[in-house]
Amino acid sequence: MTVLSKEEILRRLFTSNTQEKLVITPLISKSQVSAGSVDLRLGTEFIITKRTKYSLLDPAQQNIEAEIAQYQEKIHVPFREKLILRPNQLILGSTLEYIKLPEDLMGYVIGRSSWGRLGLIIATATLVSPGYAGVLTLELVNLGEADIALYPAARIAQLVLHRVTGGESSYLKKPLPKYAGATGPEFSKLHKDEEWRILSGDPQSL
Amino acid sequence: MLETKSSEILVEKFLDLEELLRRIELGVFPRPTQRRAVKSLFSLVWNLRSSLESLPPSSSTKALVEKGYELLQAICGLIEKIERSNVHYTSLGAVYLAEYLTGKAGEEAVPIICFQSYTSSHSRLSDILKLAAPLLPPESRELKEEVLFFTLPYFLRNDPLSHCLVARELALHMIESKRLLEETLTGEGSSNKLLIIAADRLASLMVGPAYLFTLTNFDASLASDVKERIRNIAALLADEGYYEEELLSGSLPPLEELRSSTGIERLHEIEESFRKTAAYYPPEVFECEVPQLVSRLLELLPPNEVTLPDKATRPAEIPSIINAGWIVKQRYMPTFCNILKVQDPEGKYQAKKKLAALIEKAIELSIIHKSLLEAEI
């Protein structure tokens, strides 16, 4: 798997060939594209944890969806305002940009080192599947000692793109995939994986 | 004696309102506007209470207490609207749309959107202040910031395409505040009809066919008066250059002539001057942007930007985004469902939700994109 160069990323962004077209919208400035990656900005929606409502998160549990909704909450931080991330706090954010990958590309999201040096860790689940369409959910954790201010539309992450060779594995070929067309950070849908019925000993699946 | 008792009860009720306002101020709102409106109302309530407390026993007390009760009711109505405009009840897409339209119309008033009841309406903070004037000292009769409250039907909260009902309420506010039809509105029945038609037509000039689609969808029963309004809007849009057959899928009765010819002439004058303002959404912009935005939606992309001939992109206009959403909803929903590989009713419902989410996302992206370009980041 080769990493796409700046020239190839730009070619993919502006090509009229729909099979090869890479969409990152809005790409405010071409300077977001650098050697081997594209800078992505922080969106305005976040999912925060309600610390007083901690609960056991057991993906095999039947009412896990309600449990997740009980202890997490979606909030919106308007453009030109900020969100404070406390030390050791985990929140879910998303990229401002909506991404659509062609079927021959996949990507990894990584943090920008300048944020990492402040203690901000970005995207612990980084794989972006070929054919994916939507914003990218970012898991943001402050591992530093001081509070960090996060501003919507600030450049926060980088998308590294790879070419996939051999076979087709488009994300959108499945009916309504779990996170397809996401427009903001999404609550975990881990419980929708088939294996939990087996792992939890559900007799219907045996 | 009875008046004094009644005045004391009223003072207690105003104290309750002060406490309520302190609590509401702690809510989570999409904009700081709500907090400023709460502060204005708090100051008004405080002044009213002070006036009531110092009322001398006289024959005029009864009338002032009655006025106080009238104000209590009106203030409660506004407090409820502020409370229902917090992030849990409102829609961000609607907030952006209201800000966009009021900004384009050059309105100094800041909008607050809430979803409540079954119909749409609008009101102003200054209306309360006018009502309260007899009970206020002269220095407290000035308003720091005018707030325009838009109320949209509760069941439309998650339907960003129908939020263009805001355009109609804004049009009504403009007609009232600028007294555009003052000399024309005479008889009770016909003047009300003329006002409705004027608001419909100005709303259509602000957001294009999206307003017609909204009205058609909103009142699917198509009662005869709604049919007449729809026919009227379609006629205006056809005159604007939109293809009439495309706008009217069903057969509707021919446009009934307005009773007042003076009225229709005045409407044409108002429309003509409105076309010269920034609030006008010209059909040329629709033609240039909407087809591209429809194509984007059919590729599961938010319709937030348009590509120029040199392949550069620019943010799309908000009315274009909403029009594109309506066109997909009206004509291409089966295609959109096919893209998401859904066929069953639950899947189709989820597809409609995806479409709504893409529209809301596009509205936000377009606004942030414009702001960043203006700041040259």
Query - Of residues in region A:179-190 being assigned to a loop (DSSP other than H, G, I, E, B) and within 12 Å of chain B (Cβ to nearest Cβ), the one modelled with the lowest pLDDT - result: A:Tyr179
Query - Number of the exception - A:Ile148 against (1) β-branched (Val, Ile, Thr); (2) open to solvent by less than 60 Å² (accessible area, probe 1.4 Å); (3) modelled with pLDDT under 90 - result: (3)
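Can you work out which of the residues in region B:349-365 that are closer than 25 Å to B:Tyr100 by Cβ and free of Cβ contacts under 8 Å to residues at least 60 places away in the same chain is farthest from the other protein chains (Cβ to nearest Cβ)?
It comes out as B:Lys352.
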Query raised in the report: Applying the selection to region B:271-302, what residues are within 14 Å of chain A (Cβ to nearest Cβ) and under 21 Å from the mean Cα position of the chain (by Cα)?
Result: none
Report task. Could you tell me whether any residue of region B:146-158 is surrounded by fewer than 20 Cβ atoms within 10 Å (Cβ to Cβ), modelled with pLDDT under 90 and among the charged types (D, E, K, R)? Result -> no
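Yes/no per residue for (1) farther than 16 Å from A:Ile47 by Cα; (2) open to solvent by less than 10 Å² (accessible area, probe 1.4 Å):
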{"residue": "A:Leu127", "(1), (2)": "yes, no"}
{"residue": "A:Gly134", "(1), (2)": "yes, yes"}
{"residue": "A:Leu140", "(1), (2)": "no, yes"}
{"residue": "A:Ile156", "(1), (2)": "yes, yes"}
{"residue": "A:Gly166", "(1), (2)": "yes, no"}
Report summary line: Taking region B:323-348 and keeping residues within 11 Å of another protein chain (Cβ to nearest Cβ) and under 25 Å from B:Leu212 (Cα atoms) leaves B:Phe336, B:Cys337, B:Lys348
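Residue-wise test of (1) over 28 Å from B:Phe218 (Cβ atoms); (2) in contact (Cβ under 8 Å) with a residue 12 or more places away in the chain.
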| residue | (1), (2) |
| --- | --- |
| B:Glu108 | yes, yes |
| B:Gln116 | no, yes |
| B:Ser120 | no, yes |
| B:Lys130 | yes, no |
| B:Ala133 | yes, no |
| B:Glu139 | yes, no |
| B:Thr151 | no, yes |
Query - Residues (open to solvent by 30 Å² or more (accessible area, probe 1.4 Å), closer than 21 Å to B:Val306 by Cβ and within 11 Å of chain B (Cβ to nearest Cβ)) located in region A:11-44 - result: A:Phe14, A:Ser16, A:Thr18, A:Lys21, A:Lys30
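Restricting region A:79-122 to residues that are charged (D, E, K, R) and open to solvent by less than 40 Å² (accessible area, probe 1.4 Å), which is farthest from the other protein chains (Cβ to nearest Cβ)? So that I can check it myself, show each step before the final result.
First pass over region A:79-122, keeping only residues charged (D, E, K, R): A:80-82, A:86, A:97, A:100, A:103-104, A:112, A:117.
Filter again for open to solvent by less than 40 Å² (accessible area, probe 1.4 Å), leaving A:97, A:104.
On the way: A:Glu97: 8, A:Asp104: 17 Å.
Among them, the one singled out is A:Asp104.
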Query raised in the report: Taking region B:218-231 as the region of interest, how many residues are open to solvent by 10 Å² or more (accessible area, probe 1.4 Å) and either at pLDDT 85 or above or among the basic types (Lys, Arg) (or both)?
Result: 3
Requested in this report: Kindly indicate whether B:Met206 is within 21 Å of B:Gln330 (Cβ to Cβ) and either surrounded by fewer than 16 Cβ atoms within 10 Å (Cβ to Cβ) or at pLDDT 90 or above (or both).
Outcome: yes
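Where in region B:238-314 are there helices (runs of 4 or more DSSP H), lying wholly inside it, with at least 1 residues that are at pLDDT 80 or above and open to solvent by 70 Å² or more (accessible area, probe 1.4 Å)? Walk me through it before giving the result.
Numbers: elements: B:244-247, B:261-274, B:283-297.
Counting at least 1 such residues, we get B:261-274, B:283-297.
The values are calculated or read from the model by the stated rules, or taken from the named source; none is laboratory data. Since we're looking at a predicted model, the values are computed, not measured. Every residue, glycine among them, receives a Cβ derived from its backbone with ideal geometry; neighbour counts consider all protein chains shown. Keep in mind that these areas ignore ligands, DNA and RNA; they rest on the heavy atoms of the full protein, side chains included. Shrake-Rupley method; radii C 1.70, N 1.55, O 1.52, S 1.80 Å.
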